[in-house]
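One structure is given below, encoded as structure tokens.
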Amino acid sequence: MSIVFEPYQLGKIELKNRIAMAPMTRSRAFGDGATATELMATYYAQRASAGLIITEGVQPSVVGQGYPDTPGLHSAEQVDSWRKVTAAVHDQGGVIFAQLMHAGRVGDPDLLPGQMNVVGPSAVAAAGQIYTHAGPKPYEVPHALTEAEIVETVADFADAAVNAIEAGFDGVELHGANGYLIQQFISVSANTRADSWGGSIDGRIKFPLEVARAVAEAIGPEKVGIRLSPGSHLHDITETELGETYEKLVAGLADLGLVYLHVLESEGQRDLTNALRSAWPNTFILNPSTRPRPTGLEELSLIEGRTTDLLAFGSLFIANPDLPARLAQGGPFAAADRSKAFGGDHHGYTDYPALGEV
């Protein structure tokens with residue numbers, strides 16, 4: 001049997017296979033106070049045949065929310081609501097990590113209470129527009145975090161990680177990719193600070209390292225992974241000295257003993273992927289660059305060839321809840337209705353049938 005479908009040891013947890021469900025925002029947290037719902041529990045339980053499920057981005061604080069109808073892990077009500085999700089996945093024999101995502105400057109202030117504004121490392125707005133229920137609108141100039149607020153934000157991540165474990169999650173993934181707050185600190189375009197949190201490579205990687213350290217100390221490094229997207233320009237991100245920056249960041253993360261590194265690969269960055277893979281001592285997860293098509297059967301060879309330990313699938317998991325079984329037999333693969341990717345009811349969310357139900 002291919003090693004893809006053999007059990008894999010992730011730290012202290014045995015996974016049933018080497019297929020990971022990548023984090024995907026679906027904007028269906030319609031419960032009061034950004035809580036998880038029964039529909040979300042059904043959605044994740046349907047996909048519990050993955051070796052590892054990584055949830056949609058979950059905000060670690062009120063100000064960390066970027067999009068409408070996304071869930072949080074910063075209140076007692078939110079913790080309680082997630083218990084039905086984790087229980088549903090565990091009942092199906094699955095493993096589930098919560099992705100902690102602080103959107104930073106990428107957000108809509110109208111989602112925030114009172115006069116609260118979106119935040120970032122510097123008062124630099126991202127180019128482009130944010131999706132809202134009222135339609136697209138330009139990104140706002142964020143409030144530049146003070147040093148005291150940065151320390152508070154680090155603590156927010158650690159508190160949310162503790163909440164995740166209380167809610168029954170097997171671990172957490174820190175979202176350091178896609179132009180959100182952690183990557184904003186790494187970026188030379190979003191981070192123009194002149195203090196110890198910016199400027200040099202050491203300054204720009206200080207925030208991700210401090211977040212990872214705080215979370216690892218709070219719940220144990222064997223329950224903490226991180227996702228990075230070196231070279232991504234999403235949400236108006238510019239990075240310089242790419243190889244040196246990420247090799248230094250990954251070395252610092254390795255010293256903390258995190259259980260996995262999850263790389264969302266940018267086009268043309270396979271050499272950097274290989275370098276980070278070689279430098280990383282623990283589990284390596286790859287979400288490979290395959291545009292314009294989704295990651296598919298062809299990429300299973302990346303596991304066989306030891307380019308990665310686990311392979312993360314995104315869009316194929318939307319319409320194929322039993323994706324590992326379909327990969328094992330070579331298909332068929334259903335196509336997702338992208339018009340129902342964000343928001344809405346069960347249509348395009350929990351109504352995709354498994355193979356035996358077609």
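Show that you can apply the helix-only estimate: for the chain, add -39,500 (n - 2.57) for every DSSP H stretch of four or more residues, divide by all residues, and state [θ] at 222 nm to the nearest 500. Could you put the intermediate results ahead of the total?
Numbers: 11 runs with 108 residues, N = 358.
Mean residue ellipticity, 222 nm, calculated: -9000 deg cm²/dmol.
For Ala167, what charge total do you get from the other residues with a beta carbon under 9 Å from its beta carbon, if Lys and Arg give +1 and Asp and Glu give -1?
Values: positive: Arg83; negative: Asp80, Glu166.
My count for the surroundings of Ala167 gives -1.
For a protection proxy built on the mean count of beta-carbon atoms within 10 angstrom, sort 147-155, 216-224 highest first, please. List each step's numbers first, then the result.
Working: 147-155: 14.9, 216-224: 19.3.
Per-residue Cβ counts within 10 Å, averaged per peptide and sorted highest first, yield 216-224, 147-155.
Which lysines, on any chain, are close to Lys206 with Cα under 24 Å apart, when same-chain ones fewer than 8 places away are left out?
Lys223, Lys248
Can you give the % of DSSP beta bridges in the chain that are antiparallel, to the nearest 5? Intermediate results must be reported in sequence, preceding the final value.
On the way: 6 of 38 bridges.
DSSP beta bridges in the chain are roughly 15 percent antiparallel.
For Glu298 paired with Asn274, estimate the spin-label separation in nm (one decimal), with each label point 7 Å from Cα along the Cα-to-Cβ line.
1.8 nm
Under a plain spin-label model, where a point goes 7 Å from the Cα along Cα-to-Cβ, how far apart in nm are Ala148 and Asp255?
2.9 nm
Hey, can you list the DSSP H helices of the chain whose Cα span along the axis is 18 Å or longer and whose average Kyte-Doolittle score is at least -0.5? Don't skip to the answer; put the middle values down first.
Numbers: long enough: 76-91 (23 Å, -0.62); 147-166 (29 Å, 0.50); 206-219 (20 Å, 0.69); 242-255 (20 Å, 0.14).
Counting only whole DSSP H runs, the qualifying helices are 147-166, 206-219, 242-255.
Kindly put His262, His235 in sequence by how many other C-beta atoms sit within 10 Å of each C-beta, fewest to most. Could the numbers behind the result be given before it?
Details: His262 29, His235 22.
Taking fewest neighbouring Cβ atoms as first place, the list is His235, His262.
Can you find, among Ala312, Val188, Thr245, the residue farthest towards the positive end of the dipole of segment 3-357? Put +1 on the C-beta of Lys and Arg, -1 on that of Asp and Glu.
Farthest towards the positive pole: Ala312.
Using a 10 Å cut-off on Cβ atoms, rank the peptides 71-79, 163-171 from the highest mean neighbour count down. Intermediate results must be reported in sequence, preceding the final value.
Values: 71-79: 20.7, 163-171: 22.7.
Answer by packing, highest mean first, reads 163-171, 71-79.
Based on the Cβ-Cβ distance of Met24 and Ser196, what FRET efficiency does E = 1/(1 + (r/R0)^6) give at R0 = 45 Å, to the nearest 0.05?
On the way: r = 35 Å, r/R0 = 0.77.
Here the calculated transfer efficiency is 0.85.
If each of Gln9 and Asp91 carries a label point 7 Å out from its Cα toward its Cβ, how far apart are those two points in nm?
So the label points at Gln9 and Asp91 sit 3.2 nm apart.
Rule-based calculations on the coordinates, nothing more; no lab input. Nothing here was measured: the structure is a model prediction, and the numbers come from that model. Every residue, glycine as well, gets a Cβ built from its backbone with ideal geometry; the counts of neighbours run over all protein chains shown.
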